[in-house]
Amino acid sequence: MISVAEAPRVTKSRIEAFSDGVIAILITIMVLELAVPEGAELSALEPLIPVFLTYVLSFAYLGIYWNNHHHLFQATERINGTILWANLHLLFWLSLVPFITGWMGHNHFAAVPTAAYGVVMLLAAIAYWILQTAIVAHQGPHSRLAAAIGRDVKGKISPLLYATAILLAFVNEWIADAIYVAVALIWLVPDRRIESRMQAERPASPERNAKASL
C-alpha cells in the first residue's frame, strides 16, 4: 500500500483535471434545480426568483474557486499525499454547494438555511487555506507561490465576514445575504498576484530579447 505522504504517479495536471470535472458537475447539478415554471406568463417566474438568485451567487462562488484553484496549481511545482487529501477536503465542502443553494433558495432566504449557507462557505474557505498552506509547506517558504500569496489579506478577511454573516442570519437574513454578495464581489476583482509572479519568472522570448538588445 502506498503511503498517503507519497504520490509518485499523480501529477498536478490530474488533480486539476479531476477538480475541474467536479466543479463542472456541481454547476450542472445547480442549474438542474431551476425547474421549468408552469405557465407562459412572466408571473410564473416569480416563485423562481429566490432560487435563481442563489444560483447566481453560488455560480459566482464556484467560478471564483475554479479560477483561484487554477492559479494555485499553476504555481505548484510538485505535490504529495497531503496535498491530494487537502484538495479532496476542499472538493467535499464545495460538493455541498448545490444542496445548500437549493435549500436557501427554495425557502426564500430563511434564517437557518442562510446561516447554513455561510457555514458551508466558511468551511470551504478554511479548506482552501489548508490546501494552500499544504502546498506552500511542501514547496518551502521561499517558493514562488509563497512569495505570490504574500499577506493574503482577502483570504484572511473572508472567513471573518462569513462568520459575521452566519450570526447575522438570525437577526436579519438580508444583511447576511448582502455580506455573502460582498465577499463574492471582493474575490471577483482580478487578483493577479500568482499570475504576475509567473509572468515575471517566465523566460523572455527570443523576439523580446532581440528587441531589448536594440
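The values are calculated or read from the model by the stated rules, or taken from the named source; none is laboratory data. Please read these numbers as outputs of a predicted model, since none were measured by experiment. Positions of Cβ are backbone-derived with ideal geometry, glycine not excepted, and every protein chain shown enters the neighbour counts. Each accessible area value is taken on the protein alone, full model and side chains, heavy atoms only, with ligands, DNA and RNA left out. Shrake-Rupley method; radii C 1.70, N 1.55, O 1.52, S 1.80 Å.
Residues of segment 32-47 being out of contact with any helix residue (DSSP H, G or I) (no Cβ under 7 Å at 6 or more places or on another chain), open to solvent by 50 Å² or more (accessible area, probe 1.4 Å) and either of a type in the set (D, E, K, R) or part of a helix (DSSP H, G or I) (or both), which ones?
32, 41, 42, 43, 45, 46, 47
(1) polar (S, T, N, Q); (2) part of a helix (DSSP H, G or I); (3) in contact (Cβ under 8 Å) with a residue 40 or more places away in the chain: which one isn't true of residue 76, the others all being true?
Status for residue 76: all satisfied but (2).
List the residue pairs whose Cβ atoms are under 8 Å apart, where the first residue sits in segment 96-114 and is on the phi > 0 side of the Ramachandran plot and open to solvent by 10 Å² or more (accessible area, probe 1.4 Å), the second is part of a helix (DSSP H, G or I) and among the acidic types (Asp, Glu), and the two are 6 or more positions apart or on different chains.
109/173; 109/177
Within segment 6-31, can you find the residues that are open to solvent by 60 Å² or more (accessible area, probe 1.4 Å) and either of a type outside the set (Lys, Arg) or at pLDDT below 80 (or both)?
6, 8, 9, 11, 13, 17, 18, 20, 25, 28, 29, 31
Is there a residue being under 23 Å from residue 50 (Cα atoms), modelled with pLDDT of 55 or more and surrounded by 10 or more Cβ atoms within 10 Å (Cβ to Cβ) anywhere in segment 187-204?
Within segment 187-204 (the criterion being under 23 Å from residue 50 (Cα atoms), modelled with pLDDT of 55 or more and surrounded by 10 or more Cβ atoms within 10 Å (Cβ to Cβ)), the answer is yes, since at least one residue qualifies.
Among the numbered criteria (1) of a type outside the set (Val, Ile, Thr); (2) at pLDDT 95 or above; (3) closer than 24 Å to residue 167 by Cα, which one does residue 89 miss?
Looking at each condition in turn, residue 89 falls short on (3).
Of everything in segment 135-146, what is open to solvent by less than 20 Å² (accessible area, probe 1.4 Å) and of a type in the set (A, V, I, L, M, F, W, C)? Give them in sequence order.
135, 145
Taking segment 115-130 as the region of interest, how many residues are in contact (Cβ under 8 Å) with a residue 40 or more places away in the chain and more than 18 Å from residue 22 (Cα to Cα)?
Result for segment 115-130: 6.
Applying the selection to segment 63-81, what residues are buried (at least 21 other Cβ atoms within 10 Å of the Cβ) and under 14 Å from residue 186 (Cα atoms)?
Scanning segment 63-81 gives a single hit, 65.
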